[in-house]
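S.K.: Have a look at this one.
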Amino acid sequence: MTGRLSFSVAMINGLGDGIVLTSINGRSETRTYVRPVVGGKGQQQLSPEEEEAVRAARLGLGPEFEPQMARR
């Protein structure tokens, strides 16, 4: 991934059902994917970043910010 412009975010309910939205930004293109999540597990194989997003959402954790980003 180029820079810090790529991300994965999970939007799930209390049962662990919802979606993971991933955007991968490169030098010449950007690709965006949405994958379904049921019971906290991806219906398709999830990347490590997507799995971490699902885990964080299930634990009720907010996004991780670098100290410089949080001050802006």
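The values are calculated or read from the model by the stated rules, or taken from the named source; none is laboratory data. Quick caveat, the model's predicted, so the values are computed rather than measured. Positions of Cβ are generated from backbone atoms using ideal geometry, with glycine treated the same way; all protein chains shown enter the neighbour counts. Remember, those area values only see protein heavy atoms, side chains included, never the ligands or the DNA or RNA. Shrake-Rupley method; radii C 1.70, N 1.55, O 1.52, S 1.80 Å.
S.K.: Whenever you get a sec, line up 47, 28 from highest to lowest accessible area (probe 1.4 Å, protein heavy atoms). Don't jump to the answer; show the numbers that get you there.
M.R.: Details: 47 35, 28 115 Å².
Output order, biggest surface exposure first: 28, 47.
S.K.: Can I ask one more? Report the calculated FRET efficiency for residue 59 and residue 15 (r = Cβ-Cβ distance, R0 = 25 Å), to the nearest 0.05.
M.R.: Values: r = 15 Å, r/R0 = 0.58.
After rounding, the FRET efficiency stands at 0.95.
S.K.: While we're on this one: As a test of reading the structure, rank 35, 27, 58, 4 by solvent-accessible area (1.4 Å probe, protein chains only), most first. If you can, show how the numbers build up before the last one.
M.R.: Working: 35 55, 27 225, 58 125, 4 195 Å².
Output order, biggest surface exposure first: 27, 4, 58, 35.
S.K.: Determine the order of 61, 46, 5, 21 by accessible area, beginning with the largest, at a probe radius of 1.4 Å.
M.R.: Heavy-atom accessible area, descending, gives 5, 61, 21, 46.
S.K.: Just check the range 1-43 against the gyration tensor rule for me: Cα atoms, a ≥ b ≥ c as the square roots of the eigenvalues, rounded for a/c under 1.5, and otherwise prolate or oblate depending on whether a/b exceeds b/c. It would help to have the intermediate numbers written out before the result.
M.R.: Details: a/c = 4.09, a/b = 2.81, b/c = 1.45.
Cα axes put the range 1-43 in the prolate bin.
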